[in-house]
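Note sheet for the following structure.
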Amino acid sequence: MSDEMLNKKLDRIIRSLKAILTLLAVAAGVMLFVLSPKLERVAGSVEDLTAELRPVLRASSKKAVEAIENMDTEELSEAASKKAPDALDATLDRLIRNMESDKKDRNAAD
């Protein structure tokens, strides 16, 4: 292939790329122009929703704080202390059963 033919092909490729980039830039501009009002509406809707939810969230957080303040910590700690050994025993029993089951499976595989 001669240098002249290569130059012509490269020129055609460059012109095509320029046209594609121009079209992309125009398309991006049109999309921004079309989508900007919709984005403004979405932002307004989010702000309205936030304004509506703010009092509800404040009220629920106040109730949660009151509930935490009214908890009897001594009663909770006693209940946890009483139930901890039972939970540990149940966990230990389950661990032993799983180990025995694994041992049986290994013996059956041999």
- Mean ellipticity per residue at 222 nm, deg cm²/dmol - from DSSP H runs of n ≥ 4 across the chain, formula -39500 (n - 2.57): -35500 deg cm²/dmol
- Contour excess over end-to-end distance, with Cα ends at Val30 and Ser101 and 0.36 nm allotted per residue: 18.8 nm
- Task: Give the distance, in whole Å, between the Cα centre of the range 1-40 and the Cα centre of the range 59-110.
- Result: 64
- Item | Rg over Rh, two decimals, the chain (C-alpha only, Kirkwood Rh) | 1.51
- Among the lysines, which have Cα under 17 Å from the Cα of Lys8 when same-chain residues fewer than 8 positions away are ignored? Lys18
- Message: Give me the extension gain from Glu78 to Ser16: residue separation times 0.36 nm, minus the current Cα-Cα distance, reported in nm with one decimal.
- Response: 14.4 nm
- Mind checking the range 62-110 for trypsin sites (Lys or Arg not before Pro) that DSSP puts in a loop (not H, G, I, E or B) and that have at most 16 other Cβ atoms within 10 Å? none
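Taken together, the values in this text are just the output of simple stated rules run on the coordinates, not laboratory data. These figures come from a predicted structure and were not determined experimentally. Methodologically, a virtual Cβ is constructed for each residue, glycine included, from the backbone with ideal geometry; neighbour enumeration extends over all protein chains shown.
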